[in-house]
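S.K.: Attaching a single structure in structure tokens format; questions to follow.
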Amino acid sequence: MKISYDLVALPERNRRLKESEEVTAIKGFLAGKQKNMCFEYEDEKQAKRRYDTVRNFRLHNKLQEVFDLYRNGKCIYILRVKKAGTPSPSPGKKKNAAPDAANIKDGE
């Protein structure tokens, strides 16, 4: 084995990340109109590992409000929460409410 330090020219890093089958299927699911979907695996160990992949995709793309997921045995279930791209009402805000300082009279 040969070890070298302070190299003048470094080779380019190969950054081609292959998208998993699950992520591709979820993107298709979100583009469609189905309400839920299921991935079934050969054993629980594989389902646990793939669950982490799907969960990380959901977190990194901020899709927590779009779909939910859970694992039961050797299956991963995906449930649509709401349609992607539809805005949710902001919590705590009332329609047609006056601004905070609008109800205060001068001198009170």
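The values are calculated or read from the model by the stated rules, or taken from the named source; none is laboratory data. Since we're looking at a predicted model, the values are computed, not measured. Virtual Cβ from ideal backbone geometry, glycine too; neighbours counted across all protein chains shown. Heads up: the accessible areas ignore ligands, DNA and RNA and are worked out on the full protein's heavy atoms, side chains in. Shrake-Rupley method; radii C 1.70, N 1.55, O 1.52, S 1.80 Å.
S.K.: When Lys and Arg each count +1 and Asp and Glu each count -1, what net charge do the other residues less than 12 Å away from Thr53, Cβ to Cβ, add up to? If you can, show how the numbers build up before the last one.
M.R.: Values: positive: Lys18, Lys48, Arg49, Arg50, Arg55, Arg58, Arg71; negative: Glu19, Glu21, Glu22, Asp52.
Summing Lys/Arg as +1 and Asp/Glu as -1 gives +3.
S.K.: How much net charge surrounds Phe29 when only the other residues with a Cβ under 11 Å from the Cβ of Phe29 are counted, with Lys and Arg +1 and Asp and Glu -1?
M.R.: +3
S.K.: Could you tally the net charge around Lys74, taking each other residue with its Cβ under 12 Å from the Cβ of Lys74, Lys/Arg +1 and Asp/Glu -1? It would help to have the intermediate numbers written out before the result.
M.R.: Values: positive: Lys45, Lys48, Arg49, Arg50, Arg71; negative: Glu40, Glu42, Asp43, Glu44.
It works out to a net charge of +1.
S.K.: Using a probe of 1.4 angstrom, how much of the accessible area of the stretch 1-89 is carbon and sulfur, in percent? Working shown, then result.
M.R.: On the way: 3800 of 7500 Å².
Carbon with sulfur: 51 percent of the solvent-accessible area.
S.K.: Rounded to whole Hz and in sequence order, give me ³J(HN,Hα) for the stretch 51-61 from the Karplus expression 6.51 cos²θ - 1.76 cosθ + 1.60, θ = phi - 60°, writing x for Gly and Pro.
M.R.: With coefficients 6.51, -1.76 and 1.60, one gets 4, 4, 4, 5, 5, 5, 4, 4, 5, 5, 9 Hz.
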